[in-house]
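Structure first, then comments.
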There are 6 protein chains.
Amino acid sequence: MSRPKPIEYRDAPVEVRAVFDDIKNSRNVPDVNNFWKYLANDPATLRRTWDSVKEVMAPGALDPLAKEMIYLAVSVSNGCGYCIASHTAAARKAGMTDAMFAEVMAVTGMANETNRLANGYRVPIDEAFDR
Amino acid sequence: MSRPKPIEYRDAPVEVRAVFDDIKNSRNVPDVNNFWKYLANDPATLRRTWDSVKEVMAPGALDPLAKEMIYLAVSVSNGCGYCIASHTAAARKAGMTDAMFAEVMAVTGMANETNRLANGYRVPIDEAFDR
Amino acid sequence: MSRPKPIEYRDAPVEVRAVFDDIKNSRNVPDVNNFWKYLANDPATLRRTWDSVKEVMAPGALDPLAKEMIYLAVSVSNGCGYCIASHTAAARKAGMTDAMFAEVMAVTGMANETNRLANGYRVPIDEAFDR
Amino acid sequence: MSRPKPIEYRDAPVEVRAVFDDIKNSRNVPDVNNFWKYLANDPATLRRTWDSVKEVMAPGALDPLAKEMIYLAVSVSNGCGYCIASHTAAARKAGMTDAMFAEVMAVTGMANETNRLANGYRVPIDEAFDR
Amino acid sequence: MSRPKPIEYRDAPVEVRAVFDDIKNSRNVPDVNNFWKYLANDPATLRRTWDSVKEVMAPGALDPLAKEMIYLAVSVSNGCGYCIASHTAAARKAGMTDAMFAEVMAVTGMANETNRLANGYRVPIDEAFDR
Amino acid sequence: MSRPKPIEYRDAPVEVRAVFDDIKNSRNVPDVNNFWKYLANDPATLRRTWDSVKEVMAPGALDPLAKEMIYLAVSVSNGCGYCIASHTAAARKAGMTDAMFAEVMAVTGMANETNRLANGYRVPIDEAFDR
């Protein structure tokens, strides 16, 4: 047996339940999504990752919607199927409309194209950008 | 000789000058940055890329600042040095503050981390995210 | 028809059977896994890849477990689903415990995060690291 | 001005100095390396990243050398120049010999090759690996 | 509901139908493949992407087969499952034989390996390559 | 000291000299390029990599120019600076014209864009492509 298995609340040790409870309360959801159930195999990483996500994704200079769209753009760029699905849902919940989704995709695609054109033509950084 | 060389306005054929003029007018800058001078080695790709960038980055459901920050996040994720430098500058020009820059970096870093945790734990997509 | 098909031992030409036999003997397994059955569509690449894997993964300055965990970390970073599954199994067979797996994931996630923070902040290499 | 600048100890606010002091004490070094000086532009990310790195890289089921070699392999795979330089140095300090370095590179190269062969041949996951 | 849905011809607005018709005529196929049906959620991106693909993939200094094999190699390198499937089919249609497919895979795998060896050994660019 | 150093012919052990001689003879060049001088720190990897490159890049169903352009496209996609420089030079030597270079870049850029559009829209593989 080598494939990780999800940990459900009822089978979770107390330190995992504490994180699950915090996620459920923070997000006002009845259960945590699969990502957290799998991370629960390593309670220290579950705790550290949740604390970091909570801090990083909190409203700040950017609002939660802007942050979720950036998260989605990175996940699309990396080709992480789970992350694309979960962060599309999260961005939707934070207010992403169909038109916004389409623009996130268009910008992400364009950036991936021009990143490679810059690589291939070996474009040196303009002095003005390096100050 | 195999390294591409930049094409300056004074040496450029008429179809390249037309694109350079459009970039300078659209952005209100005295000269185009290196990316365009190198792409000018292929006038068709210069024209197509500029037309696409102009269309994709225009204000729409997302404002230009949000789009530039997404562009930056993707460039950071891909490790394109030129693109990180040029799109940090472009996002700054569009209004990105120090605090916003810091949050774009934090979200981009976090997304790259959790993308791999989801990969490694082979997390199946929640039914709710797949509808 | 464009999707590659696996080559089973009974249908394999003699040079493929020779590689399959060597894999089965080296690993003490009754059959080769799918990766090799698909590579068998190109006997030269099958032979070259197996010879290289055998040389690279042999015990040396690093033991097979350390090598399998590095292989897994790279596969997770690249998001190769097949490779994550097969090298998790291989690392398990070489002795990776649940706790070790959790730490490989934590380090891989962390490295992916800090790689992007270094990219985004355009951190110059310390002189001491460049000697 | 858009390129981030390093924050030196003498110019750092108190919460940054506290992290710098902890890094210097933990690693027994006279100064922190550039990565931390640049992250100091965002004290919250500096603190969160250092706390996470300290937790993740501590001796556990894997020793610090094994963890540093995994970190290096991921950084090489991602092509992060700064990270390759800093984690080669860190792994050296933790005991990586020339022979170990050579094997980390060989495994990392091989994994990147076979990851793409598995992608391109669209190899389905063996049932035994998916349990 | 957050997963994008395909747009079929019968339900498509007139500007989408125009692109679908152009694809079907250009490729002499009875229906467009899924990629275009999903992009049709954003008619502007559908139009821009198709116009770009048509321009880029047209016979030029390179023939369509060479271009499709490059497209396939990049898709394999990026691990895009959909793109690997669709561009293997497209390359087959353009004349890619089994032997050619095997060589595209072998070169793509090799390049991914040596890219990382060059990264990890921090090989400086030869002066002759930088002119 | 942690940065690898190049091994010059005059300082190289006999098994490294043998590989260097073979490279120089095969390519009809007076000296090997930096990649091989750095790999020479690990004679087994030097030997294995050269033997593999020689086998993979030999004329077959694809000619050397087609193979070098695929190698370049992958290197551009991965953002490996050394590899982009060396394989641009190699492709030039094999006959790549300015127009061919421009088309390799255009296809590589396009593929990177559409790979992400396919990821983000979660396009399912057409049944016809999966046979």
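A few remarks follow.
- Mean ellipticity per residue at 222 nm, deg cm²/dmol - from DSSP H runs of n ≥ 4 across chain B, formula -39500 (n - 2.57): -21500 deg cm²/dmol
- A crude spin-label estimate for the pair E:R131 and E:R3, with each label 7 Å from Cα along the Cβ direction, gives 5.7 nm.
- Area projected by the alpha carbon convex hull of segment A:60-131, averaged over all directions, nm²: 6.4 nm²
- Average beta carbon contacts from partner chains per residue of F:93-106, 10 Å cutoff: 6
- Karplus 3J(HN,Hα) series, Hz, for segment D:69-83 with 6.51 cos²θ - 1.76 cosθ + 1.60 (x for Gly, Pro): 5, 5, 4, 5, 4, 5, 5, 5, 5, 7, x, 8, x, 4, 5
- For E:P30, inter-copy separations between label points set 7 Å beyond Cα along the Cβ vector come to 4.5, 4.5, 6.3, 6.5, 7.8 nm, shortest first.
- For D:D126, distant residues with modelled amide H under 5 Å away: C:N34
- Taking every residue in F:41-47 and counting other chain Cβ atoms within 10 Å of its Cβ, the average works out to 5.
- Across identical copies of the chain, A:K5 has label-point separations of 3.7, 3.7, 5.5, 5.7, 6.7 nm, listed in ascending order, with the point defined 7 angstrom from Cα along Cα→Cβ.
- Residue (of D:P124, D:Y38, D:M96) at the positive-pole extreme of segment D:38-131, dipole from beta-carbon charges: D:Y38
- When the alpha-carbon atoms of segment A:1-58 are used, the pair Rg, Dmax equals 11.1, 38 angstrom.
- Rounded to the nearest 20, the Cβ-based charge dipole of segment E:24-76 about its Cα centre (Lys and Arg +1, Asp and Glu -1) stands at 140 debye.
- Cβ-based charge dipole, chain C, positive-most Cα from C:V19, C:A85, C:M105: C:V19
- With neighbours defined as other Cβ atoms within 10 Å of a residue's Cβ, the residues A:R27, A:R116 order from fewest to most as A:R27, A:R116.
- The simple Förster model, with R0 at 30 Å and r as the Cβ-Cβ distance, assigns C:D11 and C:A94 a FRET efficiency of 0.45.
- Taking B:K5, A:K37 and counting other C-beta atoms within 10 Å, the order from fewest to most: B:K5, A:K37
- Top of D:T114, D:T88, D:T49 by mean-square fluctuation, Gaussian network on chain D, Cα under 10 Å: D:T114
- Counting only Cβ charges, +1 for Lys and Arg and -1 for Asp and Glu, the dipole size of chain B around its Cα centre is about 420 debye.
- Mean separation of Cα contacts under 8 Å, 6 or more apart, over the residue count of segment A:1-58: relative contact order %: 40 percent
- The C-alpha atoms of chain A occupy a region whose extents along the principal axes are 56, 36, 30 Å, arranged from largest to smallest.
- Cross-link pairs E:K37/F:K67; C:K54/D:K93; D:K37/F:K37; B:K67/D:K5 - those with Cα-Cα distance over 31 Å: E:K37/F:K67; D:K37/F:K37
- Nearest residue to the symmetry axis between D and F, taken on chain D by its Cβ, in whole Å: D:G79, 3
- Shielding by partners - mean other protein chain Cβ count within 10 Å, residues of B:63-73: 6
- Rg/Rh for the protein assembly as shown, where both radii come from Cα atoms and Rh is the Kirkwood radius: 0.94
- Sorted from nearest, the other copies put their C:A44 label points 2.6, 3.2, 4.9, 4.9, 5.7 nm away, the label point being 7 Å from Cα in the direction of Cβ.
- For chain F, the relative contact order is 17 percent, taking Cα pairs closer than 8 Å that sit 6 or more residues apart in sequence and dividing their mean separation by the residue count.
- In order along segment E:27-32, phi translates into HN-Hα couplings of 9, 6, 10, x, 8, 7 Hz, rounded to whole numbers, per the Karplus curve 6.51 cos²θ - 1.76 cosθ + 1.60 with θ = phi - 60° and x for Gly and Pro.
- For chain C, modelled as a GNM whose springs connect Cα atoms under 10 angstrom apart, the maximal fluctuation among C:D11, C:D31, C:D51 occurs at C:D11.
- Karplus-based coupling profile of segment D:36-43, in residue order and whole Hz: 6, 5, 7, 4, 4, 4, 10, x, with θ = phi - 60° in 6.51 cos²θ - 1.76 cosθ + 1.60 and x standing for Gly or Pro.
- Put in order of Cβ neighbour count within 10 Å, fewest first, the listed residues C:Y9, F:Y71, B:Y38 become C:Y9, B:Y38, F:Y71.
Readers should treat all values here as calculations from the given coordinates under stated rules, not as data from a laboratory. The shown structure was predicted, so the numbers you read here are calculated from the model rather than taken from an experiment. Neighbour counts are summed over all protein chains in view; Cβ atoms, including those assigned to glycine, are modelled from backbone coordinates with ideal geometry.
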